[in-house]
Amino acid sequence: MRFRSPLRQAIGLGSAKYGFEHWWGQRLSAAGLALLGLWFAVSITGVDLLDHAAVSAWIASMPHAILLILLVATLLYHSNLGINVVLEDYVHDGGKLVASLAAARFIHVAMAVAAIYSIVKLSLGVQA
């Protein structure tokens, strides 16, 4: 039986030293998403979304391709940070947590690679 108070047990342990970086990443990516989302919503309004050639031409424009890649990367980074918080809060088994975090990271990276590959392919006009 221990007679140490919870405060006494916590003294000297310090913080995990990664919370602020995570919080700051969420805030910066959210601000980036707000700006990029606004750009996307405004710039896509003039495009006939049912016409593949029109959408391809829109993506082929260099500024649109670059901003789309930034949008996808920021969106998936922000999503990965959010999913990690949910998993860390609600998965309590250590093995399942590690597996879930690894799977979430892998899925986000795979989606980023697929999306960026598609944007680059469409912007360069490469035919399948």
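If R0 equals 30 Å, the separation of the Cβ atoms of Ser43 and Ile107 corresponds to a calculated FRET efficiency of about 0.60. The alpha carbon radius of gyration of region 46-128, expressed as a multiple of 2.2 N^0.38 Å, is 1.43.
Every number in this text was worked out from the coordinates using simple rules, so none of it is lab data. All of these numbers come straight from a predicted model, not from anything done at the bench. Glycine gets a Cβ as well: all are built from the backbone with ideal geometry, and neighbour counts include every protein chain shown.
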